[in-house]
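Where a number appears in this text, it was derived from the coordinates with a stated rule and is not lab data. None of the values given here were measured: they were computed from a predicted structure. Cβ coordinates were reconstructed from backbone atoms using ideal geometry, including for glycine residues, and neighbour counts include every protein chain displayed.
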Amino acid sequence: MSVVTVQLGQCGNQIGFEVFDALYTDSHCPQGLCSKRENEAYQASCKERFFSEEENGVPIARAILVDMEPKVTSQTLSKAAQSGRWKYGQHSCFCQKQGSGNNWAYGYSVDGPRHEESIMNLIQKEVEKCDSLSGFFIIMSMAGGTGSGLGAFVTQNLQDQYSNSLKMNHIIWPYRTGEVIVQNYNSILTLSHLYRSSDALLVHENDALHKICAKLMNIKQISFSDINQVLAHQLGSVFQPTYSVEGSCHYRRNPLGDLMENLVPHPEFKMLGIRNIPQMSENSLAYSTFTWAGLLKYLRQMLISNSKMEEGKDWHCSATLSLFPTATRATMNTEVQRSTLLAKVVIRRNRFNHSDCLGGFKDQALYTSWLKPINAFNVWKTQRAFRKYEKSAALVSNSQFLLKPLDTIVGKAWNMFASK
Amino acid sequence: MGRRRRRGGRGHAVGALPEAIAALSQTLPAGPSPEIFRRAKFDRPEAAPALWRLLFRVLSPPAAAGTRASPALGAQVRLVKSALCSQGYPRRVLARLPEDGSQGSRELLLALAWLLARGPLLEHLLAQTRVWLGDEIPLWQYEALASPGPPAPCQEADGPVDIRHLQWLMGTLRFRWRDLITSQQELCALLGKLLQRLESENTRLEAALQWRRRELVFWQWMDTVLGSCPLQTSPATFLPRDPASGPGELELVARELRGLHGELQGAVEPRRAAWEAKAGGWGPEWSAAQQATQEAVGRDLAALQRAWEQGGAPAQPHRPCRLVKRDARAVEGPGLRAAELTGALRIRESRLETALGQLQTRCRQELARLAGAEPGLIWILPPGR
């Protein structure tokens, strides 16, 4: 089943390019560490989901590019076409001359209705090219004007027009000390609208990604392109094909559906986060070896301590955190118990033998009281390695990790509003 | 030019010939138009490439002809020539045709007729390109039938049920519902595609039937084509070499082979004797051990065979069978019933599992004994699955 990606705004388009590039390089990576037949099945599955075929053999990404100014979209289109390996469709781009000026209301109430027909037509054409549609993946940022305002509008329209298809919004949480003054307003408005019309919100925080680039990848001058590449790597490790049932050798057909069914069935808890391990620059990859026990221990540690990267700390002391219940508060309809999880899916790539290593994830203390680990915890595996990482694992979790950042944003927005 | 046909006496047959050729070309994959056939009779050069392509498509293996882009005309020509030669095509003129595929349409027409006359070519081609409906399964793939789905998470309703849990379950249900709808839509789209392919296959099959009815006219016409060819000098069977010089060379080759055989024998014998001397140093114990293991293996195999046969498996040919839904009360026709088969297979599965368990324990015991016997030995286990 195919996924149609909608890239909105400057952020969305840049990230979208990196994501497709990561998916393509992975599926054509020569070091798959599995049999040829397996590799071909993997490639075919990845291609069916994200690319469509043209006569001369160059795969075309199933994506729409939308932006209110032409600079970024034209850059993205040309970068993809230049690589020669894959490209965007010729008529999949919609852009205007004038931007949204970081104004959410402008994006939502003015640009949205004005360009509704053209954008939905583009989406319709892309949907018709799919044999079967799994859902939409909408990439946007919360701080800007186009991504946030227009993104909220487009998601709402998709809800109306394709009510049976799934929608996952990928949101970029802005830097705490971000440049856009009204980013807090934009974020709150976006989130509240998306909560109603989207099925799942996959959140990536700029601060966390920046830290990963600085500490784990040892990049000195961190540009957005580096951050986007880390992000794309994480998304790729979640969306690439995995086996469908325990022990079977067929790949899952409906990645979005399965992910959502396991993680966001409850209508009030829709925010998801991703953690990925190992994360390092490709240069140091050649000199590192991993064991599953070690990797999964770090992953669990990252989960418990609510961090997005392996910090190399002694993980014993943090294990006690989850046992301290704090006072209950109600914020945005979430129940509070510190770092409690609702559900998670672990996706493991390559040659996993011992299920004992996963025992740490099945601890009831990690989860809320009304959900048992057997329902809340799922493992997806595949034999094929992801992008030269002989072993890698990703963790998608529905938890309270965004509670604090959300409180901060709400607080700042109120302060700004009250000070008028 | 060819002889003029007498049109007077065969008025009705004249109209039948174009229809017969049209039916033939519709049945053949990549069939050229009847006009090409007519031109080929008069050996017109413009008809040649189309006939080369047709023969290539007919003679090449189905996988090569279907998926990849077709090779250049020169390569097609070479392949057609070698395929016809290997099938024993008698006319040597065809092998001498130029490789750019520009001449020899009459020869190609004769070759096509030869292939048609030899065997069930059309049926073979139709079977190659038939539409697979997906209602067949091989008999030995019983995993899909016998294995239950993933276990449903069961919750005992002890105490008050948390409403959040209910909301969670409702949400899961809703997602599955939407998944079902999407699958239904996909099913409809695929059924549409399948119907289109079935329609085109139907037209081809109807054309094949038409051809069968009007074949005779075609063969009468082919006689005239053959007649219009210039006479060949020696219509001998097609051999790559002049048979007159054959016997001498063959004798040479045979002698060389015999000499080689003798040399090998001479080299092998001393080596075998040396090996046996080394191995035979263990003497009578070795042969006794060998015999004992052979007997043990024989017993195990016999036991396995008995267990297999006791499963009462019906004689199953290992080929794909069609799944047919039948009324439960219907009279038993030919073929197996799914319920019986699953029952039999489950019994067999359980027997095999017990046998496997027994064998594994025996292996483990043996390994433990061997490991205990030699203290200095290190066992390196292969990486488990």
With bins of 5 Å, the percent of all Cα-Cα pairs of the range A:2-273 per bin from 0 is 1, 6, 13, 18, 20, 18, 13, 7, 3, 1, 0
B:C363-B:V253 pseudo-label distance in nm [points 7 Å out on the Cα-to-Cβ vector]: 4.8 nm
Using label points projected 7 Å from each Cα along Cα→Cβ, tell me how many nm separate B:L356 and B:E309, to one decimal. 2.4 nm
Projecting each Cα onto the charge dipole of the range A:2-273 (Lys/Arg +1, Asp/Glu -1 at the beta carbon, about the Cα centre), which of A:F51, A:I15, A:V238 comes out farthest on the positive side? A:I15
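May I ask for the equivalent-ellipsoid semi-axes of the range A:144-197, computed as the square root of five times each C-alpha gyration tensor eigenvalue and listed largest first in whole Å?
24, 10, 8
Over 23 Å between C-alpha atoms is what I'm after, so list which of A:K47/A:K388; A:K36/B:K81; A:K87/A:K391; A:K297/A:K381 land there.
Values: A:K47/A:K388 19 Å; A:K36/B:K81 34 Å; A:K87/A:K391 29 Å; A:K297/A:K381 17 Å.
Those over the limit are A:K36/B:K81; A:K87/A:K391.
Other chains' Cβ within 10 Å of A:373-380 residues: what's the mean? List each step's numbers first, then the result.
Working: counts 0, 4, 6, 1, 0, 0, 0, 0.
That works out to 1 on average.
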Mind checking A:155-167 for the average number of partner chain beta-carbons within 10 Å of each residue's beta-carbon? 1
Using only the C-alpha atoms of the range A:62-138, find the volume of their convex hull and express it per residue in Å³. 107 Å³
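Given the -39500 (n - 2.57) contribution per DSSP H run of 4+ residues, what per-residue ellipticity at 222 nm results for chain A, rounded to the nearest 500 deg cm²/dmol?
-12000 deg cm²/dmol
Around B:V77, under 11 Å between beta carbons, what's the net of Lys plus Arg minus Asp minus Glu among the other residues? Can you show the working numbers first?
Working: positive: B:R53, B:R78, B:K81; negative: B:E99, B:D100.
Computed value for this residue: +1.
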With labels modelled as points extended 7 Å from the Cα through the Cβ direction, what inter-label distance (nm, one decimal) is found for B:L198 paired with B:R78? 4.4 nm
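Grab the Cα-Cα distance for A:D363 and A:D131, subtract it from 0.36 nm times how many residues apart they are, and report the gain in nm with one decimal.
Details: separation 232, 0.36 × 232 = 83.52 nm, distance 4.11 nm.
Going from the current span to full extension adds 79.4 nm.
How much net charge surrounds B:P120 when only the other residues with a Cβ under 14 Å from the Cβ of B:P120 are counted, with Lys and Arg +1 and Asp and Glu -1? Write down the numbers at each step before the final one.
Values: positive: B:R118, B:R212; negative: B:E123, B:E215.
Residues close to B:P120 contribute a combined charge of 0.
When Cβ neighbours within 10 Å are restricted to other protein chains, what is their mean count per residue of peptide A:252-263? All intermediate terms of the calculation are to be shown ahead of the outcome.
On the way: counts 0, 4, 5, 0, 2, 6, 2, 1, 6, 8, 2, 0.
The per-residue average across the peptide is 3.
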Most packed first (mean Cβ within 10 Å per residue), the peptides A:63-72, B:167-176 order as A:63-72, B:167-176
